[in-house]
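The next block holds one structure in the form of structure tokens; read it before the comments.
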Amino acid sequence: SAAAATTPEAPKLKTLAVYRYATWLEENQLKKTAVWIAVATAVLVRWTVGLGPYSGQGVPPRFGDYEAQRHWMELTIHRPIREWYSDQSKWWDLDYPPLTAYVSWICGFIGSKINAEWFAWETSRGHESVDAKLYMRSTVLIFELLVYISSVVVFTQRWFAHKPWTRQHTALLLILLQPGVILIDSGHFQYNTVMLGLVVWAVNFFLADQDVLGSVAFCLALGFKQMALYFSPAVFAYLLGKSLRQGFFGCIWKLIKLGLAVVVTLGLLFSPWMQSMEEFLQVVHRIFPVFRGLYQDKVANVWCAVNIVIKLRERFAIEDLVRFSTLATLLSFLPSLIHLIAKPTKRGLIYGLINSSLSFFLLSFQVHEKSILLPALPITLFILDEPAMGALFNTLATFSMFPLLRQEDLTTQYYVLLGLWVWMTTGTYKNVSPLLKFLSTLNLLVIVTMHLGEIFVAPPARYPDIYAVLNSLWSAAGFVLYWAYFNYRQFTMVNTPKMGFRVTKSKTHKLA
């Protein structure tokens, strides 16, 4: 086909230092211990970042995300389960789905046995101590090991099952050292990797054609953080497309199994609040806080960019913005969704996850700058299928979160990890088009220029947020281009074997 004829050959990895390291491991017969070395390296980097400050450290009266997570542990171990989402203590409302609450209860229960002062009811508000920080950082790392890192190890083994081991290990190292997720979870302080890891586990099950287990894993991701909804159109389209190919009765039976998996999983998660409609709606109200507005801070999406010229939040009611942003998001991911229903391949699923999550990030209601981690996940899983684009996207995504990281005094960690990422992935720009080389060079020049300007040139008094605004504008423009690019890739390259590693039920095509 014309698409196949224009498809570039698989990327040559010898220019990557990480690939040369993987080759050295193979030559010295260290393959059996290589995964453990990679995991230990990932843990060491995360723990080193965790030695720095966290969100809201030493910033009363409300502190930040660290205190919110700590308070949820305090709340869940001291209040009855039916009051978790209706507590009126006016501190940090629990506004994530039930699985987050259950994890908070586990962490709070264990932590209170170590030191009851960390989670004492009301008197522990704003508690900051070295031992408490050590415990909280450890909980993030332990859950990341159990859920996220394990899922990435399995993914690379399945996605590269018919490829050289060196490629598999190169991908593993690059995915585990993605800078954005490390800076947010191990620096800023979050548990995003639990949700992201559950999504990867869902993908792992889908790759093995275990669609019911994949649906359960994805529902657990939704049950941990509602932002996993960014991926839901792609998952829905992929499963529906597969079902439609199994004949009438096969389709009905498969849809019944998938529907039962979804209903049972979500039903069990929400069961404590299903005794009355009022309690259930209260949980929904907390999880989807419409009152917060169209977006938060200077997020790098379309609405924040448009708001510079047209003050959307002042000219339109919240209800109108909700309806308009929902319609825009739907129209944005609809072509990808329809294509995935028509051609439900496993490679197409990854492209669908990218396009769906980018649509939500760019156009949906109530987007936070940290939400860029969602499209960054499937793009990073494609790091050896779309190497240059994956490397460039992660550079831009990390840069887009810089205003938040600077606010948390994580600039040193940011510069080191972003510099490490650029060094590790520079070789991906070999043998690419002159246009892509130009864009990658331009992106780095803009990022360096903005950082130098921010360090040496004070913003004008009239525009104190000028650097944050420029950051969001540049990043948003890049993300829009990425949305267009990956939609194009899904429609033109999804069935061509030369881009990377085709994982379908049909015979795997081996690259030259």
Subset of the range 434-467 that is among the small types (Gly, Ala, Ser) and either surrounded by fewer than 19 Cβ atoms within 10 Å (Cβ to Cβ) or on the phi > 0 side of the Ramachandran plot (or both) - its residue that is modelled with the lowest pLDDT: ALA461
- request: Restricting attention to the range 74-92, report how many residues are surrounded by fewer than 18 Cβ atoms within 10 Å (Cβ to Cβ) and in contact (Cβ under 8 Å) with a residue 40 or more places away in the chain.
  value: 4
query: With respect to ASP65, is the statement that it is touching a residue at least 40 places away in the same chain (Cβ under 8 Å), over 30 Å from LEU420 (Cβ atoms) and surrounded by fewer than 22 Cβ atoms within 10 Å (Cβ to Cβ) true?
result: no
query: Out of all the residues in the range 474-482, is one or more at pLDDT 95 or above, touching a Cys at 6+ places or on another chain (Cβ under 8 Å) and either open to solvent by less than 40 Å² (accessible area, probe 1.4 Å) or among the aromatic types (Phe, Trp, Tyr) (or both)?
result: yes
query: When the range 113-137 is examined, which residues are found to be more than 13 Å from HIS71 (Cβ to Cβ) and not aliphatic (A, V, I, L, M)?
result: LYS113, ASN115, GLU117, SER129, ASP131, LYS133, TYR135, ARG137
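Can you tell me which residue within the range 270-284, out of those that are in contact (Cβ under 8 Å) with a residue 24 or more places away in the chain and open to solvent by 20 Å² or more (accessible area, probe 1.4 Å), is nearest to CYS219 (Cα to Cα)?
That would be PHE270.
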message: Out of everything in the range 314-342 that is surrounded by 15 or more Cβ atoms within 10 Å (Cβ to Cβ) and in contact (Cβ under 8 Å) with a residue 60 or more places away in the chain, what residue ends up being farthest from MET493 (Cα to Cα)?
response: SER332
task: Output the number of residues of the range 400-418 satisfying the condition of being in contact with a Leu (Cβ under 7 Å, 6 or more places away or on another chain) and assigned to a helix (DSSP H, G or I).
output: 5
query: Is at least one residue of the range 138-154 within 27 Å of LEU420 (Cα to Cα) and among the aromatic types (Phe, Trp, Tyr)?
result: yes
task: Would you mention how many residues in the range 240-269 are surrounded by fewer than 15 Cβ atoms within 10 Å (Cβ to Cβ) and not basic (Lys, Arg)?
output: 14
ALA300 surrounded by 12 or more Cβ atoms within 10 Å (Cβ to Cβ), small (Gly, Ala, Ser) and more than 30 Å from PRO464 (Cα to Cα): no
- request: Would you point out which residue out of ILE256, ILE310 is without any contact (Cβ under 8 Å) to a residue 12 or more places away in the chain and within 30 Å of TYR463 (Cβ to Cβ)?
  value: ILE310
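The values are calculated or read from the model by the stated rules, or taken from the named source; none is laboratory data. Keep in mind the model is a prediction, meaning the values are calculated, not measured. FYI the Cβ positions are ideal-geometry reconstructions off the backbone, even for glycines, and counts take in every protein chain you see. Just so you know, the surface numbers come from the protein's heavy atoms only, side chains and all, with ligands and any DNA or RNA stripped out. Shrake-Rupley method; radii C 1.70, N 1.55, O 1.52, S 1.80 Å.
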